[in-house]
Amino acid sequence: MLAASIFAVALLAGTSPAASRGFVEITGGTFQSTVRYDGDDGKRSVAAFAIATRAVTAREFDEFVRTHPQWARDRVPSLLADSGYLANWPHANADAPVTHVSWFAADAYCKSIGARFPDWDEWEYVAAADATRSDARSDAVWRGRTFQDGTPRAMDARDGASANIHGVSGMHGAAWEWVGDYATLMGDADKRGVENGDRLQFCGATGLSFANRDDYATLKRVALLSAMEPRSTLGNLGFRCARSTP
Amino acid sequence: MNFLLRSIAAVAMLLVAPMSAIAAPPALPGDSVYQVEASVVDQDGRAYAWQALRGRPQVVTMFYAHCHLMCPLIIASGKSLQGSLDPRQREELGFVSITLDPARDTPAALLEVAQMHRLDDHWRLLRPGDADVRTLAAALGVRYRAQPDGTFNHTSVLILLDRDGRIVARSEVTDLTPDPRFVATVREYLTGASAPGSN
């Protein structure tokens, strides 16, 4: 009963005109991130912000390209996108999340609607929820289902998959999602192991570890994102936007 | 045959056009870091587009003023590089330091850094718009993370850009003086780039 009302509220939040352009407010809070940096316990404080209730669709990105022709497949400069950029254009399903987009392209899209990328902490905070719990991660069954993230078998890729308790859909969908600070989720791998290398190249410590070894799905996501260049594109990597709240 | 000749002529025109077009600047190379759009304000409070730096070779770094370990090293390393150039090369090369911390590094704070390090007018200390810091860092291959205590982890690197914003060379900063090989590359590049008829 309680779950059902929460779900109904979530649905309302996702579709109400107040959440203009499909953003919902996320109340901030303290949060145990799965990702730890050297000398931290993984506790993060996430400030209140707004996040898109779903990933940017192929149709929306198509519209962006029409109004910002410098982002067309045949015009985009090599700095900003690799040769796979929009390789699947036109999409078979215009309502599906857009993929084959570089970080730069996604960054430009979010800026064009007065938004920004979510950062990893924000993304992880929202993605920890299921339809009834703001943090479902202690549920081994739920966590097991997240192993399918980024594949067509992902839990949010099913027909009729419900929004999470925040009213946000598709966080565990068939496509991975860029985040603003993806590049710093791991240290620069090719500099690991260099004597004193980290201390000299960074102002401070950088080592990363995982708080929960069971959280394989998160590890896989972070590893994948860390391997990307900002011009990289993948057939199962899309994005959504976020906004800071004043 | 005629068609072939016309094609050759057309191709020749295309090749010649960029050199003769003095009024309109040639198209920006696809791999130029000036392909990203960003707005910046310098230590003198002047606002311009990031792309306005095009036109002369630049050595670019990212830093922040409240950093007490690496960032003075980054600037010292740049100054040392500048000191190793001959007068003509010095005249030619610009130095651009972009802050990772636009919230605290106001133009006034950047001016203070410039004065403290006695940076000459070849140096520009830039504060990007909030939303543009990450975009510039991505274009330059600089990784950074804000820490809860107000510091930043970041890659410390000197990057040589050609006039059009293509990355010629990059060098990790590990000391008060830059890597001698990087210095040699910069000197070589400037000698080549300032020779008549070359670019």
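Listing for the model above:
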{"read-out": "Residue check, B:A47 within 14 Å of another protein chain (Cβ to nearest Cβ) and not aromatic (F, W, Y)", "value": "no"}
{"read-out": "Residue check for A:A161: without any contact (Cβ under 8 Å) to a residue 24 or more places away in the chain, over 15 Å from the mean Cα position of the chain (by Cα) and under 25 Å from A:D181 (Cβ atoms)", "value": "no"}
{"read-out": "Residues within the range B:43-70 that are under 24 Å from B:V173 (Cβ atoms) and either hydrophobic (A, V, I, L, M, F, W, C) or buried (at least 20 other Cβ atoms within 10 Å of the Cβ) (or both), tallied", "value": "15"}
{"read-out": "Any pair with Cβ under 6 angstrom, 6 or more apart, that starts in the range B:146-159 at a residue that is free of Cβ contacts under 8 Å to residues at least 60 places away in the same chain and at the interface with chain A (Cβ under 7 Å from one of its Cβ atoms) and ends at one that is surrounded by 15 or more Cβ atoms within 10 Å (Cβ to Cβ) and part of a strand (DSSP E or B)", "value": "B:N153/B:R145"}
{"read-out": "The range A:113-148, residues that are under 23 Å from A:M228 (Cα atoms) and among the hydroxyl-bearing types (S, T, Y)", "value": "A:Y125, A:T146"}
{"read-out": "Qualifying residue in the range A:172-179 (condition: at pLDDT 95 or above, closer than 30 Å to B:G141 by Cβ, within 14 Å of chain B (Cβ to nearest Cβ) and assigned to a loop (DSSP other than H, G, I, E, B))", "value": "yes"}
{"read-out": "Subset of the range B:26-50 [touching a residue at least 24 places away in the same chain (Cβ under 8 Å) and closer than 21 Å to B:L93 by Cβ]", "value": "B:L28, B:P29, B:D31, B:S32, B:V33, B:Y34, B:V40, B:D42, B:Q43, B:D44, B:W50"}
{"read-out": "Given (1) over 16 Å from B:V186 (Cβ atoms); (2) buried (at least 16 other Cβ atoms within 10 Å of the Cβ); (3) of a type in the set (K, R), number of the condition B:R170 does not satisfy", "value": "(1)"}
{"read-out": "Filter result (aliphatic (A, V, I, L, M), over 23 Å from B:V36 (Cα atoms) and within 14 Å of chain A (Cβ to nearest Cβ)) within the range B:160-193", "value": "B:V173, B:L176"}
{"read-out": "Unique match (being modelled with pLDDT under 95 and closer than 26 Å to A:S83 by Cα) among A:Y182, A:Y109", "value": "A:Y182"}
{"read-out": "Residues within the range A:11-69 that are at pLDDT below 80 and over 17 Å from A:E122 (Cα atoms), tallied", "value": "14"}
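The values are calculated or read from the model by the stated rules, or taken from the named source; none is laboratory data. Source: prediction; values computed, not measured. Counting neighbours? That spans all protein chains shown, and the Cβs are built from the backbone with ideal geometry, glycine included.
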